[in-house]
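Report on one structure; see the data block that follows.
The values are calculated or read from the model by the stated rules, or taken from the named source; none is laboratory data. This is a predicted model, so every value here is computed, not measured. Here the Cβ positions follow ideal geometry from the backbone for every residue, glycine too, while neighbour counts run over all protein chains shown. These area figures cover heavy atoms from the full protein model, side chains too; ligands, DNA and RNA do not enter into them. Shrake-Rupley method; radii C 1.70, N 1.55, O 1.52, S 1.80 Å.
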Amino acid sequence: MALASAATDSPIQTTSETNENNLQTFFVLHKASSRKSEKRSTGTGKTRRRIDLSPSSPRKRVKSEAERAEEWDELRYEHLRMEAFELVWSRIDSTIKDVLRGINTNVLNEIHCWVCESFNAIKSFGTLGFAEATTSFPIVADATCKRLFTGIILTKNMEFVDDLLTFEELGLSLRSHGCHVANLSSMDFSAKNGIGGCLRGLLRQFLTTTLDAADISILASWYREQDNHDTPVVVIIDDMERCCGSVLSDFILMLSEWVVKIPIIVLMGVATTLDAPRNILPSNVLQCLRPSKFILGSPAERMDAVVEAVLVKQCSGFSVGHKVAVFLRNYFLNQDGTLTSFIRALKIACAQHFSMEPLSFILGDLLVEEKQKGEKSGLLPEIILKQASQLPSCVRNQIADQTSKSLVHGFSELKRLQKCWSSVVLCLYEAGKCNKIQLLDLLCEALDPDLYISRASNNHVELDKDFGLGMASDRCMRRKYSTLQKSGVICQITRKVRDLPAVMLYQLLKSWESITVDILEIHEKLKELQSVLRCEDGNLKQNVDDISKRHSSWNSLNIEKDSKAINEKAATLLDCLVRDYLRPIECIPLHEIVCFKNVEKLQLALIGDPRRRIQVDLLEFYKILQCSCCSKSGNVLLPSMHDTSVMYTLAQEHGDLINLHDWFQSFKTVVLQPSTKGKHKPKQSPLSKKRKYKYESENKSEASIQARFCRAVTELQITGLLRMPSRRRPDCVQRVAFGL
């Protein structure tokens, strides 16, 4: 606080360090209130009497102890939430890495086999002696022997950031098979570093030392002297399209000259097309290459795999609401379109959930119990049960007075319903693959609670038609969402099932069988349908011999024998699964503990609104400074407030243009409030000498007030809230930000 008074009372320096071009970072400092002035205005005895009367009564003292206990509990639960977040996100992160590694497993194995074949082909050119292999110049050989085995890896990604993990896994996979691997980035092939930068990066990774001399003969000596000549040397260039073409050409020509001594195999990643080397390298360099082509999984396949493992199967128990899922999809499509940005947004959503939801630490306990397989934790405290009973989903479903057993039952029911939901979503996704449906689009529709409510209301209205129980509100809701359902992803998938060929329908039913194997209630319905169908010569037929052994409810399915009727039965089954089991998590009690729904917080964290944040901080600065006097003042401006906050609050009274003279006079009135009050003090206080010093300080304050005014205006200009005076209106500043 003394720092604030020193900052306001210090004279204005006119040195060269404080010129107008030297913009320093500024801090919001709060001027401390003067205790001496309080004593002068109120008197010594009255001040003591107020201090003596201020302590709370014994009843309030007991309340403060309880509040301290609650604060301690809040700190403890905050620590538990942090531990739960680390546990949940580590599970999500490891699952994502396993999924991405599994997608590229076949391609990585194919690349390893190709590397071994290329190495054997290089060795077939002949084996050099030790003296000949360690010379500092290349060997004169046939042009065929100098061709460099090169693998072109097509990644198809918009940004290279999604390929970092892929090439890292590629290097680890080849090292695990005994290859010497060096990973070079496009920065190593810059025009500034030249060919020397590439060689230094290569030697640094193979020799594990930093050398000033960039000579490839050093690498040849290392390859022969250290008994490394029985394994291939693989150089991975992550993104050749970002490399300098001339530097990359010189590097390839140099490697082709030494390929007999050093069996180097090059792997280069491209993002656009497999013909990218023709657009970058000249013809003489292309003749030195012996290319092979490899294609990684597409970004859509990787996105679907991540969404399936994390948000559909819910590997960690954490899930998101409908609005958050829609925002994540739009953020992925409208921003940079990278999987990395989607994962980063998902991590922020997970962190915000554990920071905002008081009971979110229970999700960590559920994961621990899942690892321990059956070992149950102890009874939950009463305060947790009370908070769980007050959740909106429990209040909406009239679930009150939670006990430990009922809470455990609620979580088991939540887990069961979510398992059924994920199975139905995967069944829909398998059927939608024929129509190239994206899983993220299907997820957004499957999480929509309004569509679920409309489907449920449609079902009830159809059942109650004969009894006259159809409500007008139900009819309005049906009309509201009927158009959306007809044009939705789920409706498209159902129509596609009706048009599937016989063989594809049979394969689809087989995939549904593997998906629903752990859910008996769905698996039995599917087996019941499969029992009346059989595939012969690519055609689906009904199993007439097994009709009498099945439930009577399926007898109507066995009437028609044409293929269209069989497709209709499969579509009817899918429609039944959607109606009965596709229940979004926001419609299940206790979902607040495991589901993040606050899309506004996530949007603010990812996209941000810095200008609005600055405006809010200037108007509500006392919340940051934790100032009690300013918070109690309401809309009344006090001189103890920060100058910039006072100026911006006064600016709210003006329109587009603010007159500088009027603005300064208003600011001066606020700043000089204590001096105005001092004039009404009783006459028996100070001596004439002190009164004279007071008037002199008031006369000097005019310059300091102007300096403080100019500094506050400059700060508002730097933060982008106003525009400085122009030549047309030199006496006015213009406001830039409105609408708060």
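Note on exposure: Thr516, Thr208 ranked by accessible area (1.4 Å probe, complete protein assembly) read Thr208, Thr516, with the most exposed listed first. Local charge for Leu414 was computed over the other residues whose Cβ lies under 13 Å away, with Lys and Arg +1 and Asp and Glu -1, and equals +1.
What net charge is computed for the residues neighbouring Met268, neighbours being all others with C-beta under 10 Å from the C-beta of Met268, Lys and Arg scored +1, Asp and Glu -1? Net charge around Met268: -3. In terms of packing, defined here as the mean over residues of other Cβ atoms within 10 angstrom, the peptides 292-298, 265-271 line up highest first as 265-271, 292-298.
The alpha carbon gyration tensor of region 176-268 gives principal lengths a ≥ b ≥ c with a/c of 1.5 or higher and a/b greater than b/c, which makes the shape prolate. Heavy-atom accessible area for Asp365, with the other protein chains in place and a 1.4 Å probe, reaches approximately 70 Å². Take each peptide in 434-445, 654-665, count the other Cβ atoms within 10 Å of every residue, and average; sorted highest first, the result is 434-445, 654-665.
Is region 162-205 best put as rounded, prolate or oblate by its Cα gyration tensor, with a ≥ b ≥ c the root eigenvalues, rounded for a/c under 1.5, and otherwise prolate when a/b is larger than b/c, oblate when not? In terms of gyration-tensor shape, oblate.
With R₀ set to 41 Å, the beta-carbon distance separating Ser176 from Leu606 gives a calculated FRET efficiency near 0.65.
As a quick test, which of the pairs Lys156/Lys496; Lys601/Lys668; Lys156/Lys569; Lys569/Lys597; Lys419/Lys601 have an alpha carbon distance above 31 angstrom in this structure? Flagged as over cut-off: Lys601/Lys668; Lys156/Lys569; Lys569/Lys597.
Cross-link check: pairs Lys313/Lys525; Lys323/Lys510; Lys97/Lys436; Lys405/Lys623 evaluated at a Cα-Cα cut-off of 30 Å; pairs beyond the cut-off: Lys323/Lys510; Lys405/Lys623.
Peptide packing: for 117-123, 723-729, the average count of neighbouring Cβ atoms within 10 Å per residue gives the ranking 117-123, 723-729, highest mean first.
In the neighborhood of Leu248, defined by Cβ-to-Cβ distances under 12 Å, what is the net charge if each Lys or Arg adds +1 and each Asp or Glu adds -1? Charge balance in the 12 Å sphere: -3. Of the accessible area of region 189-313, computed with a 1.4 Å probe over protein heavy atoms only, carbon and sulfur atoms account for 48 percent. The Cys710 and Ile614 beta-carbon pair, evaluated with R₀ = 22 Å, returns a calculated FRET efficiency of approximately 0.70.
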